[in-house]
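The values are calculated or read from the model by the stated rules, or taken from the named source; none is laboratory data. Quick caveat, the model's predicted, so the values are computed rather than measured. Note: ideal-geometry Cβ built from the backbone for every residue, glycine included; neighbour counts use all protein chains shown.
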Amino acid sequence: MHDLNHIVELVAKLKLSGYSIVFTNGCFDILHKGHVAYLQSAKSMGDILIVGMNTDASVKRLKGEERPINTLEDRAFVLSALKSVDYVVPFDEDNPLTLIQSIKPDVLVKGGDYTMETIIGAKEVLAHGGKVEIIPFVEGKSTSSIIDAIRRV
């Protein structure tokens, strides 16, 4: 896991070397097939995939008092072990706009429940010549459905 200052320095060096930077973000509370497929697809859109990950406090504000199930450290450890993920950077805000403005990715990726109008940072990425991509979800795969299934047992 890396902090914002380190990621910004690293991205500058990578861009100078000609690498394209892809950025996505999320809670990634209980990693599942949908997450892995999504991250693999995001990685295929450039050279380096940076994942912004909501801190525990941010997840709690977004998802409710019972979340996250896994701590930031655990979630980042698991996500960092994926071949498709190059760097994980936490953010405590409710959205990743500061990260996006700082990193200036070449490609911003979000999941299929978003539209171009609802993607935080889309305007900023497009303004500096980047692209915004929406990846369809893997049907029936979500953290909420996994938690619901566990509660029914």
### Task
Can you run down the residue pairs with Cβ atoms below 7 Å, 6 or more apart or on separate chains, where the first is in segment 1-30 and under 16 Å from GLY129 (Cα atoms) and the partner is small (Gly, Ala, Ser)?
SER20/GLY46; ILE21/GLY46; VAL22/ALA42; VAL22/GLY46; PHE23/GLY52
### Query
Among the residues of segment 20-34, how many are modelled with pLDDT of 90 or more and outside any loop (DSSP other than H, G, I, E, B)?
6
### Task
Take GLU133 and decide whether it is charged (D, E, K, R) and closer than 16 Å to ASP3 by Cβ.
no
### When residues of segment 12-24 are limited to those that are buried (at least 22 other Cβ atoms within 10 Å of the Cβ) and not hydroxyl-bearing (Ser, Thr, Tyr), the one farthest from the chain's Cα centre (by Cα)
ILE21
### Summary
Counted residues in segment 80-138 being of a type in the set (Phe, Trp, Tyr) and more than 26 Å from HIS32 (Cβ to Cβ) come to 0
#### Entry: All helices (runs of 4 or more DSSP H) inside segment 41-110 with 1 or more residues being under 27 Å from HIS128 (Cβ atoms) and within 13 Å of the chain's Cα centre (by Cα)
72-80, 97-103
### Task
For segment 39-58, enumerate the residues that are touching a helix residue (DSSP H, G or I) at 6+ places or on another chain (Cβ under 7 Å) and polar (S, T, N, Q).
ASN54, THR55
